[in-house]
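Report on the structure given below.
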Amino acid sequence: MKILHVTCSPRGEASESYRLSSIIVGLLREADPQASVISRVVGGDALSPIDAPYAISQQASADVSSTGSIARSDALIDELHSADVLVIGTPMHNFTIPSTLKLWIDHVARVRRTFNVGAQGKTSLLRDRPVYVAVSSGGRFSGVTPRQPDFLTPYLKAVLGMIGLHDVNFFSVEGTAMGPEAVAAARHKTDQALQAHFSATCTGEADDSAHQTLFTP
């Protein structure tokens, strides 16, 4: 198994989303000790915005350049294409994903490479595979009494589904701005949900609701 681990927090390995996504990678490797991991950091200045030739190619019948953003996009798409599992670690910024993760999506969601456009609209080109999204947020956005809107989970479901990734599982540590006790309680709740999910997966008893423990979109 090949695991692609994408992280984007400006706090790097000190971030809660990195910690949570690393736990998920560890659980996957417990299930398959021979698994390899590709670490793709997209935070900070790791990725540049798409350039003019890339943007023009999206409206053309063929790519007009093989350099700049197109070359970086090709490499990132090949990386994603080769992975059997995708793990994303991301904070929630202003109710949605950070701009750095959006840059990665802009590079990998590309016409003729990961989706096509035709009479029926957009059709995906990637094979489906498990996707695990580890989310951290200063406030609470899920459960029966969310304190803020959530545009992160529906957006990721939609854009990943567009390119063919439908098996998307979300886990979160919420309330990180509410003090150490709140963080400890959130971590405990999430750890329990992860253990339940991966135990069910290993025994073949997982169902579509397993990852909804923390989310009630």
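The values are calculated or read from the model by the stated rules, or taken from the named source; none is laboratory data. The structure presented is a predicted model; accordingly, all values stated were derived computationally and were not measured. Heavy atoms of the whole protein, side chains included, go into the accessibility calculation; ligands, DNA and RNA do not. Shrake-Rupley method; radii C 1.70, N 1.55, O 1.52, S 1.80 Å.
For this structure, a couple of remarks:
- Å² per residue, accessible surface of the chain at 1.4 Å: 48
- On Cα atoms only, tilt of 152-162 relative to the major axis of the chain in degrees: 40
- The angle between the Cα long axis of helix 69-82 and the main principal axis of the chain comes to about 50°, on a 0 to 90 degree scale.
- Nearest-ten-degree value, helix 180-203 long axis tilted from longest Cα axis of the chain: 70
- Equivalent-ellipsoid semi-axes of the chain, from the Cα gyration tensor, Å, largest first: 30, 19, 17
- Ellipticity estimate at 222 nm from DSSP helix runs (n ≥ 4, -39,500 (n - 2.57)) divided over the chain, nearest 500: -12000 deg cm²/dmol
- Annotation: Glu79 carries an accessible surface of approximately 30 Å², with a 1.4 Å probe and no ligand, DNA or RNA atoms counted.
- Where the Cα pairs of region 131-190 fall when distances are cut into 5 Å bins, in %: 4, 17, 26, 21, 15, 10, 5, 1
- The chain - percent of accessible surface contributed by carbon and sulfur, probe 1.4 Å: 53
- For Tyr18, the accessible area of its heavy atoms, probed at 1.4 Å with every protein chain present, is near 60 square angstrom.
- Counting DSSP beta bridges with both ends in the chain, the antiparallel % (nearest 5): 15
- Area accessible to solvent at Met178, 1.4 Å probe radius, in Å²: 80
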